[in-house]
Amino acid sequence: MYNPANIERETIINYNEAEKTAIVYTHNKRLIDKLMKNCKDYPEKFKFIKGDEHSKTFLCIFSDAYRDWE
């Protein structure tokens with residue numbers, strides 16, 4: 001079984017100010033666990049997109065209220 005090295009275990013957040021969403025791709029186990037919990041607790045804000053045994057990708061949806069404080 002392949003185990004990625006620490007240098008390969010990255011987290012990428014793709015977000016821009018024009019859209020109300022962010023894509024989070026991560027190998028970080030703690031972050032994956034938190035985002036999976038958020039998917040269950042806040043399904044209107046967090047969506048699991050895809051994953052494998054090492055990494056997961058999530059969609060995070062921001063409300064206008066969140067964007068107002070930026």
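Of everything in the range 12-32, what is aliphatic (A, V, I, L, M) and in a loop (DSSP other than H, G, I, E, B)? Give them in sequence order. Within the range 12-32, just A18 meets the criteria. Residue count for the range 39-70 satisfying the condition of being over 28 Å from M1 (Cα atoms), open to solvent by less than 70 Å² (accessible area, probe 1.4 Å) and either at pLDDT below 90 or out of contact with any Lys or Arg (no Cβ under 8 Å at 6 or more places or on another chain) (or both): 6. Cβ contacts < 7 Å: first residue closer than 15 Å to G51 by Cβ and in contact (Cβ under 8 Å) with a residue 12 or more places away in the chain, restricted to the range 1-13; second residue open to solvent by less than 80 Å² (accessible area, probe 1.4 Å) and part of a helix (DSSP H, G or I), any location; separation 6+ or different chain. Result? These pairs meet every condition: T11/L31.
Given the condition of a type in the set (D, E) and in contact (Cβ under 8 Å) with a residue 12 or more places away in the chain, answer yes or no: does some residue in the range 24-35 qualify? Within the range 24-35, not a single residue is of a type in the set (D, E) and in contact (Cβ under 8 Å) with a residue 12 or more places away in the chain.
Outside any helix (DSSP H, G or I) and either open to solvent by less than 80 Å² (accessible area, probe 1.4 Å) or within 19 Å of F62 (Cβ to Cβ) (or both), is that true of Y2?
No; evaluated as a whole, the condition is false for this residue.
Any chance you could count how many residues in the range 5-38 are within 16 Å of F58 (Cα to Cα) and open to solvent by less than 90 Å² (accessible area, probe 1.4 Å)? So the answer is 19.
The values are calculated or read from the model by the stated rules, or taken from the named source; none is laboratory data. Since this is a predicted model, take the numbers as computed values, not measurements. Neighbour counts run over all protein chains shown; Cβ positions are idealised from the backbone, glycine included. The area values use the complete protein model at the heavy-atom level, side chains included, leaving out ligands, DNA and RNA. Shrake-Rupley method; radii C 1.70, N 1.55, O 1.52, S 1.80 Å.
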